[in-house]
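We did not get these values from a lab; they are worked out from the coordinates using the rules stated. Quick caveat, the model's predicted, so the values are computed rather than measured. Backbone-built Cβ (ideal geometry, glycine too); neighbour counts: all protein chains shown.
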Amino acid sequence: MLAAGPRKSTQSRQQLRSAHGEEPAIAGWIETEITAKVSPRSVTDTVSRLTGILSARGLKVFAVIDQSAEASQVGLQLRETTAAAEVGLPAVAEASFGIGIGCWLLLGSTVWTRLLFRPALPPALVPTLAIELAPPAVAGAAYFALTGGAMNFTARALGGFCVLMALMQLRFIPLYASLRFSPGFWAFAFAYAAAATDALLWITLARPPGATGYAITVVTLITVFIAALGARTLIAAVRGQLLPEERR
């Protein structure tokens, strides 16, 4: 739990102890679980900056509670205080990450064996090659969420493999362009959106020169791409060309 309020939090703890005689269990919990920091800004500004920092690090803020407003609803007065609570299951997250990596390695090797040593994919399935970009992008975003944005060897390794898969997608552009549009092209949506999300995380954490411009470019490109995909789908549906013709 993260709390923002006036500077008298220490006094409140002392009052709690004196009211109960010896230090109660809740006082011990306060000492170990709540970190008090003095902010030179107002409560509103402090909470805004704090939630912004948490979001930039990939942390989920589940609730921001205006305690003074809640108190006023029941006829009580409480000095301006706001609490932001974050709830997580790190052990479950780490286990899920391990399962995901294992499935990626298992299924990825199967897919690459199919692509390299078996006959070519039918045209309708060729766009699904875009999905190969998704696993490293999703793994990278998940790793940042697990580690609070740690930029270490694992993060760079996942990022490097994601860049490699993105370059391979560029190599497939002439092949994609030669195909008739089909529902299989929606495989691009998830994979490219995942890559854009991972790219935005890298931009936010690395803060390179021109970071804002890079972020705007990424958001604009993925938005235009998804919109174009939706428009192309609508056009194909109106023309009766979206689904393959039924074989007789």
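Here are the numbers for this structure:
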read-out	value
Size of electric dipole in segment 90-238: Cβ of Lys, Arg +1 and of Asp, Glu -1, about Cα centre, debye, nearest 20	320
nm² value of the averaged projected area, convex hull over the Cα atoms of segment 90-238	10.3
Rounded FRET efficiency, nearest 0.05, which uses the C-beta distance separating Ala215 from Leu54 and R0 of 22 Å	0.75
Efficiency of FRET from Cβ geometry, Ala227 and Arg156, R₀ 25 Å, rounded to 0.05	0.20
Calculated FRET efficiency for the pair Arg207/Trp112, C-beta based, R₀ 35 Å, to 0.05	0.50
Packing-based exposure ordering (other Cβ within 10 Å, fewest first) of Trp112, Trp186	Trp112, Trp186
Inter-part distance where segment 189-248 and segment 94-121 are each reduced to a Cα centre, Å	24
Footprinting exposure proxy for Ile222, Ile53 (fewest neighbouring C-beta atoms within 10 Å first)	Ile53, Ile222
